[in-house]
Structures are given as structure tokens and as C-alpha cells.
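One structure is given here, and the rest of the page talks about it.
The values are calculated or read from the model by the stated rules, or taken from the named source; none is laboratory data. Not measured: the values here are computed from a predicted model. We place every Cβ from the backbone using ideal geometry, glycine too, and count neighbours over all the protein chains shown. Please note that ligands, DNA and RNA were not included when accessible areas were found on the heavy atoms of the full protein model with its side chains. Shrake-Rupley method; radii C 1.70, N 1.55, O 1.52, S 1.80 Å.
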There are 2 protein chains.
Amino acid sequence: MEFPGIDQIDAAANRVLHFVHKTPVLCSKSLDEILNAQLYFKCENFQKVGAFKYRGATNAINLLSDDQIQLGVATHSSGNHAQALALAAKTKNTKAYIVMPDNAPKSKKEAVIGYGAEVIECEPTLEARETTLNKVIEKTGANFIHPYNDQRIIAGQATCAKELFEEVNDMDIVIAPVGGGGLLSGTALAAKYYAPKVKVIGAEPTGADDAYRSFNAGKIIPSINPNTIADGLLTSLGSKTFPIIKEYVHQILTVEDPAIIEAMKLIWQRMKIIIEPSAAVPLAVVMKYQSIFKGKRIGIILSGGNVDFDKLPF
Amino acid sequence: MEFPGIDQIDAAANRVLHFVHKTPVLCSKSLDEILNAQLYFKCENFQKVGAFKYRGATNAINLLSDDQIQLGVATHSSGNHAQALALAAKTKNTKAYIVMPDNAPKSKKEAVIGYGAEVIECEPTLEARETTLNKVIEKTGANFIHPYNDQRIIAGQATCAKELFEEVNDMDIVIAPVGGGGLLSGTALAAKYYAPKVKVIGAEPTGADDAYRSFNAGKIIPSINPNTIADGLLTSLGSKTFPIIKEYVHQILTVEDPAIIEAMKLIWQRMKIIIEPSAAVPLAVVMKYQSIFKGKRIGIILSGGNVDFDKLPF
């Protein structure tokens, strides 16, 4: 399979430049002291819609032809990709159709509708989701933008680590959380092209460890009934993300939910920034496997900051 | 009375330069849209110890002679000034003695002890606090650093607005929360010296509105049994802060606790940063008095970010 090349990622970076925030890289002296390492946090919680997902959605939508754009875009997602695609469509003055399970939180639906998208509800099964999406596309001609299993999305997510490598030199390791693998595969490609000495680690909740198992087995083994507080990481690797991860990621490390919650609280307390549970998984991994990370210069992708304050885990 | 002059504030800025963070100024497109104004948030929640208080404590301790410094510093506070003085003392390799009521939250005591200070407990009355502090000073010779009623503290807090004025031009208004008045009087002096066209507004909880009443009466009227979620603003104006506020502040506006909580939640949700209730009072004022603020360029001092996550108001 052909992976997105350096030209594609360079082009993606130029394409999204005026649409996405160049998010800051923050450091924390107290976290560095606690962990005996130098940590560089790339703050995608400050990205538009509160998550890195806006990069991929923006890249994908800007690759459509004018004729295609007029027909709108469609996806299935109850998470950050739904909001990202909704806002990206709004920016291009076109329509987004978002298929969501009818048991998705009301707040998620409202957020997407707030960005001007149309929400189409379906039963909470994979089959209903795909059938409903296909019907929407058949009826409207909208362009399907998959949340992660799409080269345009992967190239867009890669722009995040690209910015990090441009800002911080000589890092030893970069860690990204892994769900469907869009962010991790993009991060791995960015490391390969722009910082080839940097080791790439995927951080995954034990309760949804399909990437860990797939990576070690050398083939995709999807999660069955995944369960974790890190609700952005419930999805399994896709056919386009897995090969990149298999080739260019050095290691997948897993961590339990209580440690994820502890890491999330530590970032809230010490850095005074809001991150969602999924974004805390890399720090939880650093805390669990201290012997690997001691003394190292480590980039951490804080993937998002969308939290339901009524359901805080602490 | 003589107020700190521009030379004193310039000197304070140079003195604290290498000890304090130059905190970022953040903007939020979505808050600007909601409020029809341009808001510039000076993020002292990212300051060391999580609050602007570290500026004043650092300025004060660095004005002591070498002989004085050896004897240490002392204060009464269960809030951010306690942590600020503790860390400032640690930085100068000397001791901080912090008098705290014995009913202060355990987390506050632990934080101060964590910075290497000695906590001396007393009964939770004003009298016990002063008696205990005097005993500590008599015994140790430590230098008393008042939380706000001190020219060195006021000059130190002024460096925060000074930085804001250097970064953002042509603001119409700057708003700071007001408790004892150290931050507000420093902000007013900074405006007078560095941005004389900027209108200075104090933001105060209705449940602790001594500054509002004192400002309008032209004399200090302390709060009796103040009560507000904004627990950093329970103190009343002092003899050194009130005259500056009376002279150089344009207006004090008050706001009720539910509106403070709403403003705090809005900043958490939209800006993905953690601020304490006291820091939300200026935004709550902007939301309440929209006719005053519409279309204006407004600086807002986010005074701190120390929150007890077990007692969130939402």
C-alpha cells in the first residue's frame, strides 16, 4: 500500500494553514520534576472544535472539487470528528450530514447542530450506522469523510506532529494516543519525514487495546466490546492506518483507566489546562513505564479538551 | 499618602523578571462572538503557584536586605499568598512561616508545606491570627509580608497589567477582580503609568462587596461575614490599597455567585483552561453589564487557577 508521502503532508500543512490554529507547545517544570524527563505538550485541546480532528477534516474537505463540495460531506461519528467535519463544512459554506446513534449524548448532538450540521439518528449498531450513512449519501450525493481510515485524514493529522517537530528540536520520543489510528499514523509519518531520529510510541487504554494486540500479532485484531474512560479511543485500527503504524511506530504501550484518570487530573492541576481522558493516555504511559522515559525529551500530543463537566471522573 | 511611582513599578518588573512567568495573553473567538467585544485574557492561572500573588511575594522578598532575608518571612494566609510566599522564600533559600486557621483545608496546608514552608495553626479568628503571627515574628525575627496592604506587594502585582499593556495596544478597558485590592490597585497604577487612556474597572462578588461600598462612600467600609464562591476575594480593602483604588479606578461592578459560576464554566468550556472562581468575576461582570462593554477592547486579568476539584460548583 502507498502511504501519504512527504509531499502530501507538506501540501496538507499549506492547505490547512489558514484554517487551523497553530497550537502552542507547553512545558511544566513540576511535571518534569515528578517524571525525571523533559515533556513537551502539543496542545490540540486548544485547536478549533477542541481537538486535532479539525486538521484532518479541514484537509479532506479542501481536497474536494468545487462540484463535490456543493453536495456536502457526510460521516458517522458521535465524537470530535463529527464536530470537526461540521465546522469544516460550515467554513466552506456547504452542508455536513452526521450519522449518530440515537443513544449518543444530547450535548454531542447539540454541539454538531450548533455548527450548522444535520444530524441523522440511527440505532446504535455498526450495521444501522453503515446502512443509514449509505442512504444519506445515496440521497444527497454527499462526500463520505471517514473519521480516520482515509489518506486525506491521516495527512491532515500529521500536520500536528510536524508543527511540534518544527518547534522543538532533538526530541527522543513522541507519544500519541491511539484509537482508530489517524493521529498515530500521521504522527509516525511526520516523524519519518521531519524527525527521523524520534521514536514513535502509541498510547492505548487497556480496555480498548486492539492496536497493542494488532501491532504484536502483525494483523488487525479489532476490539470487541471495548470499554474505557478514554471514549475517543474506542474505535479499532483501520486498513489504511494499521500498515503505517506497523511500519513506523516503535511500540504500543497500554495503561489502565485509573492511571488515565490520575494523569488527567495531574495535567489539570499542574498545567491548569483542560484535556479529555483520551488526551491523558500518553502521560499515563510515561508515569507507568518510567524506566523507558527517564531523562528523555518527550513530545506528547494532547489530542483534545472536550469534557462533559457533569461526568468528571474525579 | 505616597503611591508607588512609575520608577518603583519599573524596578519591580526588572526585579521579578527572572523569577516569574511572563504569562500568555489568550483570546477566544467564541467568547468574543457571544459578548460582542474583543477580550484579552492575561493568564495568571499559568503563573507559578497558579496565581498572580507570586509577583508581589517575589518583589517583596527581593527588596529585603541580605541580613533580613536570613531571618525568613512570615504572613497570615490560607490562600494563594501563602503558597506564593512559601515558594518565594524557597527560591531565596530562606524560611517562610505561614499562620493559618486550624480549619483551613488540609490541601492548602499540604501545598504550603510542599513548598518547604512552616505552617503555624491558630484559631480561626482575626485576633488569634494576629496574636499568633506576632509571636512568630517575635520569636524568629522573620519579616512580615502582608498579602496586599504593602507597597512592595502592590508594585509587584502591577507588573501583571504592565505586561498586558505592553502586549496589547489600544485597549479601552481593563478589569481585575478585587478582594484586598492588591491586584486592582497595582492594575490601576500600571494603567496610569503605561496606558493612561485605559479605563480601570474592579469586579467584585455581591457577597463580599466592601470595595463597591467603600468606593461609593469614599471611605473604607469592611465586609462583615462576607460569603461568596470566589474565596480569594473575601478580604476587605486595606489602608494602602483603598486610596489608590479611590483615585485611579473608574468603577467597581458587582455580580452574584450564580453568574460567577456561569462565567467560570464558560471559560473552562470555551478556552479549555482552568481558572478559579475569583478569576471568573471580571467575565461575569462583562456578561452582566453588556451595554457598558459592547464593541470594546477589554483586558481581563485571570487572577488564578487553584481549584479544589472535589468541590467544583458545576
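Give just the number: which of (1) more than 10 Å from every other protein chain (Cβ to nearest Cβ); (2) part of a helix (DSSP H, G or I); (3) surrounded by fewer than 18 Cβ atoms within 10 Å (Cβ to Cβ); (4) touching a residue at least 24 places away in the same chain (Cβ under 8 Å) does B:PRO313 not satisfy?
Result: B:PRO313 passes all but (2).
Any idea which residue in region B:280-310 is least open to solvent (accessible area, probe 1.4 Å), counting only those that are within 14 Å of chain A (Cβ to nearest Cβ), among the aliphatic types (A, V, I, L, M) and within 22 Å of A:ASP308 (Cα to Cα)?
B:ALA280
Go through region A:250-279 and give me each residue that's away from every other protein chain (no Cβ under 11 Å), surrounded by 24 or more Cβ atoms within 10 Å (Cβ to Cβ) and assigned to a helix (DSSP H, G or I).
A:ILE260, A:ALA263, A:PRO277, A:SER278
List the helices (runs of 4 or more DSSP H) inside region B:4-122, counting only whole elements, that have at least 3 residues being within 18 Å of the chain's Cα centre (by Cα) and of a type in the set (Gly, Ala, Ser).
Those helices (runs of 4 or more DSSP H) span B:53-61, B:80-91.
May I ask you to verify whether A:ASN14 is among the polar types (S, T, N, Q) and under 30 Å from A:GLU262 (Cα atoms)?
No: the conditions fail for A:ASN14.
From (1) within 30 Å of A:TRP268 (Cα to Cα); (2) assigned to a helix (DSSP H, G or I); (3) open to solvent by 50 Å² or more (accessible area, probe 1.4 Å); (4) more than 14 Å from chain A (Cβ to nearest Cβ), pick out the condition that doesn't hold for B:ASN227.
So B:ASN227 meets the others, but not (2).
Yes/no matrix, rows are residues, columns are (1) among the aromatic types (Phe, Trp, Tyr); (2) over 14 Å from B:ALA158 (Cα atoms); (3) open to solvent by 40 Å² or more (accessible area, probe 1.4 Å):
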residue: B:ALA11; (1), (2), (3): no, no, no
residue: B:LYS29; (1), (2), (3): no, yes, yes
residue: B:GLN38; (1), (2), (3): no, yes, yes
residue: B:CYS43; (1), (2), (3): no, yes, no
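For region A:132-149: of the residues being open to solvent by less than 40 Å² (accessible area, probe 1.4 Å), outside any helix (DSSP H, G or I) and touching a strand residue (DSSP E or B) at 6+ places or on another chain (Cβ under 9 Å), which is farthest from A:LEU183 (Cα to Cα)?
A:ALA142
For every residue, the table says whether it meets (1) more than 14 Å from A:MET271 (Cβ to Cβ); (2) of a type outside the set (Phe, Trp, Tyr); (3) within 10 Å of chain B (Cβ to nearest Cβ).
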{"position": "A:ALA12", "(1), (2), (3)": "yes, yes, no"}
{"position": "A:CYS27", "(1), (2), (3)": "no, yes, no"}
{"position": "A:LEU39", "(1), (2), (3)": "no, yes, no"}
{"position": "A:PHE46", "(1), (2), (3)": "no, no, yes"}
{"position": "A:GLY50", "(1), (2), (3)": "yes, yes, yes"}
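Name the residues in region A:104-131 that are more than 23 Å from A:LYS92 (Cα to Cα) and open to solvent by less than 30 Å² (accessible area, probe 1.4 Å), would you?
Scanning region A:104-131 gives A:ALA104, A:CYS122, A:ALA128.
Out of region B:270-296, which residues are closer than 25 Å to A:GLN47 by Cβ and among the basic types (Lys, Arg)?
Passing the criteria: B:ARG270, B:LYS272.
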